[in-house]
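Encoded as structure tokens, the structure appears first; notes follow it.
The values are calculated or read from the model by the stated rules, or taken from the named source; none is laboratory data. Given the structure is predicted, the values throughout are model-derived calculations rather than measurements. All Cβ positions, even for glycine, are placed from backbone atoms using ideal geometry, and neighbour counts span all protein chains on display. Accessible surface areas use protein heavy atoms only, side chains included; no ligands, DNA or RNA. Shrake-Rupley method; radii C 1.70, N 1.55, O 1.52, S 1.80 Å.
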Amino acid sequence: NDIEYIKSYYFNKLELLRFSSSVGKYVGYTELGVKNAERFNKDLSNLAAMKAQKETYCKHNVDID
């Protein structure tokens, strides 16, 4: 439960938006990021795939590290 999967999107060293497995959705940090987060959050198949990344990527590699 201490593992969190985060995927961030940057442009010119400014974080636009982020998916966090603990929140379970995209969160925007700029005007453009908020618009894209709303668009990404409407795509339920993409959200399901991002939530599955914690299981497939993080939990698999935590035992290795």
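What accessible surface, in Å², does a 1.4 Å probe find on residue 31, ignoring ligands, DNA and RNA and rounding to the nearest 10?
Surface accessible to solvent at residue 31 totals approximately 140 Å².
Let me cross-check residue 30: its accessible surface, 1.4 Å probe, with only protein heavy atoms counted, in Å² to the nearest 10?
30
Given bins 10 angstrom wide, list per bin the percent of all Cα-Cα distances in the chain, short to long.
Pair shares across the bins are 22, 47, 26, 5.
Could you compute the FRET efficiency for residue 54 and residue 34, with r as their C-beta to C-beta distance and R0 at 22 Å, rounded to 0.05?
Rounded to the nearest 0.05, the efficiency is 0.40.
Kindly sort 18, 39 by accessible area of their heavy atoms, largest first, with the probe set to 1.4 Å.
39, 18
Using only the heavy atoms of the protein chains and a 1.4 Å probe, how would 51, 13 rank by accessible area, largest first?
The most accessible residue leads, giving 13, 51.
Where is the GNM fluctuation largest for the chain (alpha-carbon springs, 10 angstrom cutoff): 46, 36, 12?
Top of the fluctuation ranking is 12.
Using the heavy atoms of the protein chains and a 1.4 angstrom probe, tell me the accessible area per residue for the range 6-64 in square angstrom.
Ligands and nucleic acids excluded, the figure is 72 Å² per residue.
Can you list residues from other chains, or at least 5 along the same chain, whose modelled amide H is less than 5 Å from the amide H of residue 5?
Under 5 Å from the amide H of residue 5 lie the amide H atoms of 21, 22, each far enough along the sequence or on another chain.
Just to be sure I understand: with springs between alpha-carbon atoms less than 10 Å apart, which residue in 16, 47, 32 has the highest mean-square fluctuation in the Gaussian network model of the chain?
Fluctuation is largest for 32.
Of 49, 6, 22, which is farthest towards the positive pole of the chain's charge dipole, taken about the Cα centre with +1 and -1 on the beta-carbons of Lys, Arg and Asp, Glu respectively?
Looking along the dipole axis, the top candidate is 49.
Once phi is turned into ³J(HN,Hα) by the Karplus curve 6.51 cos²θ - 1.76 cosθ + 1.60 with θ = phi - 60°, what whole-Hz value does each residue of the range 10-22 show in order, with x for glycine and proline?
Listing the rounded values in order: 10, 9, 6, 6, 10, 6, 8, 7, 8, 9, 10, 5, 6 Hz.
Once the other residues with Cβ under 15 Å from the Cβ of residue 34 are scored (Lys, Arg +1; Asp, Glu -1), what is the net sum?
Net local charge, residue 34 excluded: +2.
Could you tell me what percent of the accessible area of the chain is made up of carbon and sulfur, with a 1.4 Å probe and every protein chain present?
On the chain, the fraction of accessible area on carbon and sulfur atoms equals 52 percent.
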